[in-house]
Amino acid sequence: MPLTDEPPLVLSLHWSDGVTTWQDGANGPTDEMLDTSPDGKGDRDYFRPVERNSPKGFHWLQKLAMWLMETQDPEYFKGRRFILADLPTGYRLYEHVRVPGPNSMTKARTDTYLYGHPKGPRKRFRSIAEFKQHFLWLASDTERNPKNCACKMCCGKGEVTAEPIVDSSAQTSAMSTRGAVARERAAATVQTASPRAKVTRRTVANAALVVAAPAPAAPTAPHQSTATTVSTRSSSSTPTLPTPVPFNQHHMSSSYTAAEREIDATRSEDIFRPGELVWCHCTEAWSLGVIVARPAPPKSPGYTVQVLKSPLEAEMSRPYPRITLRGLRPWLAWSTPEITIPSLRLVLDFESVNWQQFRDIRGLEVDASILKSRDIDTSYCLIDKIDYPYANFYTGVFYGAEKIWIGEIVRLKRHAAPHANLTGLEIMVVVSIQDHRKQPPNKTRTGSTDIMIQGDIYEFVTYPSSTSPPPQIPQWLPPRLIIETKLKNEATSRAQNPTVGTWRCIQNGYSVKLEDIKGRWYESSILIPELKGRHKFQQDVQSGKWDELATQMNEMGNAGQASARGWLRHARRDEALTKAVPRGFVLEKDPTMNSQGVQPGFAVQVPAQQPPAAAGPAGMVDLTGGDDDYAPQEDQQPSDDEALTRQMEADVASFFRTEPVDSFYGSL
């Protein structure tokens, strides 16, 4: 039976006896053996490492995985393809290369050796066939007793039959970033149409093998989408196992962002993150600002927000404390209005403007905040490089207005996965964030970010509530998504035609460009009550209606015209805010950050401005953002600002619409 065209399934060993050091030296070729210099005759005799993504490296990974699965149910797995995510930890593949000199009688030759056996470098495996028995023992022996290994190196007497045991601790997804790792997920059973295809997640803490998802792109592969093509979308609600992260979890254990990621992975009404661009009601009018610090009750019950200003007023501005969720909106919730000063409408770069010439023009601060926000919308900045030797992985990225982490739930643009025929309502659970640019030119606009985001793509599928058995929500999904889905099902099960739903994986291990992401996913149950009123939200829920926030959001890069202007890379987030906030404004973390993992917005404490006593009605919206331009309604004279107000009111009205919004948010 020929192999199928389906992408291979990834197998990951999470236990190994391999070691990289032996008797105070390397458990592998010595430095002298790695020296490629020719000898006196011109011959070269040296060792060189075999790269994971080389043809030989892939051959080893595929062959070992296929051998392992063939020991199970050969008939069922016949024709299926498998691959190891990597060699067992501690094992490294080398080639012994002999290159003859010009007049040498030596023959060219290349031999392959696998180092890593705990008995030292002399116990190297000389072929993949010689390593087979030891590998099967690694993958199956729950006792981890070398005496059970019958390989030539161990000289054991036992013989084991490999049985794939999926670690029960693998359920709280590594993507939840709550300090859990992929192999700490709870027990679940994955079924297929055939009873023989059943793989049970056993509750064995020391299991060796994790059966994962279709193969992700290689960490150092060229930056292109690596689609796991799905020809049809099955109606089955059977969950598909998630893609593992392409590096060991310990690489993230000492990350300085760990505390912040844990906070953001937990369901909370504190949905905005330090450094994010938001709409804010800090004064009598709506403005554009940056989150400086999240709430820290009881001392600081609300957010601290720095409003964006022109360079003429930025130095005098101070952050506003105690801004509640009701006074904030995601950047992608509303569209920016047109620039009010005609001569600024053709300006695309905030920092290139000669602001002095506009000093006495009314509405300048409005236009300045709009221009700066559009620049931020098309910027990006990587966060917290992971200590991983073979690729540039990061724990997070500032993408436009928002901060995205590994484990994040993001919304995808329609063209993100051409083979999947996306509708714009799908989500991705991020597995890795990788930089493919070798020498990143900071502060230079480019057509692509060269940042690849890998993860699993899910669509929401609904069933009649009478379906038996009811559809199961994959328990390895981020906890925030699980909770929100349960709340949604509780509501829709009360409808006249009751339904329940779940998330079905339609693409495993898929890689998209950063700019193919619309933005973060937000809980409707948290934001809709603030946007439309808690009473209205409760009425809808009781009647079986669910107002989906994702259908009412814009996408990153549109406001700033990224398709025409390109994307601007920064080394630090505060570089994207320059001249619109006071000098000394700092967002990046350092060892002095507080217990919540966030740092004050200023190196020196400054007095904060006070928020308004009460927010005005949502329909009265503008971007003034300061007291200087505010005057009582009866004292205002007709001016160009009226057009601004009307435009903003129209934008807000569009956001509050409850019907499908494709006509307004065309990018969806």
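All of the numbers you see were taken from the coordinates with simple rules; none came from a lab. For clarity, every value in this text was computed on a predicted model and none was experimentally measured. All Cβ positions, glycine included, derive from the backbone under ideal geometry; neighbour counts span all protein chains shown.
Taking a Cβ cut-off of under 11 Å around P295, the surrounding Lys, Arg, Asp and Glu residues balance to a net charge of +1, with basic ones at +1 and acidic ones at -1. For a 21 Å ceiling on Cα separation, which of these pairs sit above it: K63/K513; K299/K532; K299/K385; K403/K443; K56/K513? Violating the 21 Å Cα-Cα cut-off are K63/K513; K299/K532; K299/K385; K56/K513. Dividing the C-alpha radius of gyration of the stretch 2-64 by 2.2 N^0.38 Å, with N its residue count, gives 1.65.
For the peptides 84-96, 337-349, 468-480, the ranking by mean Cβ contacts within 10 Å, running from highest to lowest, is 84-96, 468-480, 337-349. I386 sits among other residues whose Cβ lies under 13 Å from its own Cβ, and their net charge, with Lys and Arg +1 and Asp and Glu -1, is -1. Each Lys or Arg adds one and each Asp or Glu takes one away; over the other residues whose Cβ falls under 11 Å from the Cβ of D516, this sums to +3.
With a Förster radius of 22 Å applied to the C-beta separation of A150 and T110, the computed FRET efficiency comes to 0.15.
Diffusion of the stretch 9-164 by Stokes-Einstein, at 25 °C in a medium of 0.890 mPa s and with Rh set to the Kirkwood radius over alpha-carbon pairs, works out to 145 µm²/s.
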